[in-house]
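K.L.:
Okay, handing you the structure first.
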Amino acid sequence: MIAVPLLLALLGPVFAGEPGPRAVSFTLGGGHWLGTDFVGRDVWRQVLHGGRPVVLTALGAGVLAYLVALPVGLAAALTRRRWLEELLMRPLDVLIAVPSLLLILLVASVFTPGGVGLALLVALVNVPDAARLVRAAATEAAARPVVEALRLQGESWWRTAFGCVGRGILRTLGADAGTRLTGVLYLVATAAFLGVGVEPDAADWAVMVDRNRTGLFVQPWAVVVPALLIVALTTGTNLLFDAALEKQAPRTPGARRGRKERRP
């Protein structure tokens, strides 16, 4: 599920070739095996070009969100100064009170973001949630005796935070990453659907769904194919993270005995 949209997004432009002459809008056949779009362009060529902006913007936004949220959440969890924790977390509470898509649209009404700007906006609206989750998980991990022992030994903050506490919350971060990447893809696709960060006729899967929906019942492939690719990418990402977490889950002695008893 995840390999097909990823391969199309990363390698599609390499095999897309040169654009051919435009045909009649919303037609099937005529050398276009997925038909033509709302301006007569080949749908298959648009699909090959349309995945890279969605995937790269979503991945960039997700990585940026964690790059900010991880140190902020760890600092808030490990500090013993109440004023510093309040200074770090209260501005994020203000941001989290505003709906994510509304905040993106408000900023986009003042500035005209490109692909990089859209990635920054999506990362910004994901930082509060991610930072609060990191802080909650790190607070529990920081209460363990090993962390206090590291402090008494005079270990640096960075080694305590990332070497000990950070490793203790990896499973929580892994579970959150799958869900968060789905949310990031949703925001990127929705923003592109509304024309934020992309040109109105750009080769983008979300833009294709928006611009070609008027011809859905005449030429459905121009809408169905990019929509299915976005759905497959989000669903496959969640399944991939779930499988990785299940594989790394610690096995209890009871679970191992049960597995041995079930063997013939």
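K.L.:
Look at Thr112 and say whether it is surrounded by fewer than 19 Cβ atoms within 10 Å (Cβ to Cβ) and not in a helix (DSSP H, G or I).
P.N.:
So Thr112 fits the description; yes.
K.L.:
Farther than 26 Å from Arg167 by Cα, aromatic (Phe, Trp, Tyr) and in a loop (DSSP other than H, G, I, E, B) - does that describe any residue in region 73-92?
P.N.:
no
K.L.:
Do we have any residue at all in region 43-50 that's of a type in the set (S, T, N, Q) and closer than 30 Å to Gly29 by Cβ?
P.N.:
Looking through region 43-50, at least one residue is of a type in the set (S, T, N, Q) and closer than 30 Å to Gly29 by Cβ.
K.L.:
Among the residues of region 1-56, how many are assigned to a loop (DSSP other than H, G, I, E, B) and in contact with a Pro (Cβ under 8 Å, 6 or more places away or on another chain)? Before the answer, list the steps.
P.N.:
Filtering region 1-56 down to residues assigned to a loop (DSSP other than H, G, I, E, B) leaves 1-2, 16-28, 30-31, 33-35, 37-41.
Still in the running and in contact with a Pro (Cβ under 8 Å, 6 or more places away or on another chain): 41.
Summing the residues that are assigned to a loop (DSSP other than H, G, I, E, B) and in contact with a Pro (Cβ under 8 Å, 6 or more places away or on another chain) in region 1-56 gives 1.
K.L.:
Return the pair list, or none, for Cβ contacts closer than 8 Å from residues in region 79-96 that are under 19 Å from Val127 (Cα atoms) to residues that are among the basic types (Lys, Arg) and surrounded by 12 or more Cβ atoms within 10 Å (Cβ to Cβ), at least 6 apart or on different chains.
P.N.:
Every condition considered, the pairs that remain are Met89/Arg132; Met89/Arg135; Leu92/Arg132; Ile96/Arg132.
K.L.:
Among (1) touching a residue at least 60 places away in the same chain (Cβ under 8 Å); (2) in contact with a Phe, Trp or Tyr (Cβ under 9 Å, 6 or more places away or on another chain); (3) under 25 Å from Gly12 (Cβ atoms), where does Val209 come up short?
P.N.:
(1)
K.L.:
While we're on this one: If you go through region 220-235 one residue at a time, how many are without any contact (Cβ under 8 Å) to a residue 60 or more places away in the chain and open to solvent by 20 Å² or more (accessible area, probe 1.4 Å)? It would help to see each step written out before you state the result.
P.N.:
First pass over region 220-235, keeping only residues without any contact (Cβ under 8 Å) to a residue 60 or more places away in the chain: 220, 223-224, 227-228, 231, 234.
From what is left, the residues that are open to solvent by 20 Å² or more (accessible area, probe 1.4 Å) are 220, 224, 227-228, 231, 234.
Summing the residues that are without any contact (Cβ under 8 Å) to a residue 60 or more places away in the chain and open to solvent by 20 Å² or more (accessible area, probe 1.4 Å) in region 220-235 gives 6.
K.L.:
Of the residues Gly197, Gly183, Gly174, which single one is open to solvent by less than 60 Å² (accessible area, probe 1.4 Å), within 30 Å of Leu120 (Cβ to Cβ) and at pLDDT below 80?
P.N.:
Working: Gly183 fails: at pLDDT below 80; Gly174 fails: at pLDDT below 80.
Exactly one residue qualifies, and that residue is Gly197.
K.L.:
Does region 218-235 hold any residues that are more than 17 Å from Leu187 (Cα to Cα) and part of a helix (DSSP H, G or I), and which are they? Please lay out each step first, then the result.
P.N.:
So the first thing to find is which residues in region 218-235 are more than 17 Å from Leu187 (Cα to Cα), and the list is 218-225.
If the condition is that a residue be more than 17 Å from Leu187 (Cα to Cα) and part of a helix (DSSP H, G or I), then Trp221, Ala222, Val223, Val224, Val225 are the ones that fit.
The values are calculated or read from the model by the stated rules, or taken from the named source; none is laboratory data. Fair warning: this is a prediction, and the values are worked out from it, not measured in the lab. Using ideal geometry, Cβ is built from the backbone for each residue, glycine included, and neighbour counts are taken over all protein chains shown. Surface areas here come from the heavy atoms of the whole protein model, side chains and all, with no ligands, DNA or RNA. Shrake-Rupley method; radii C 1.70, N 1.55, O 1.52, S 1.80 Å.
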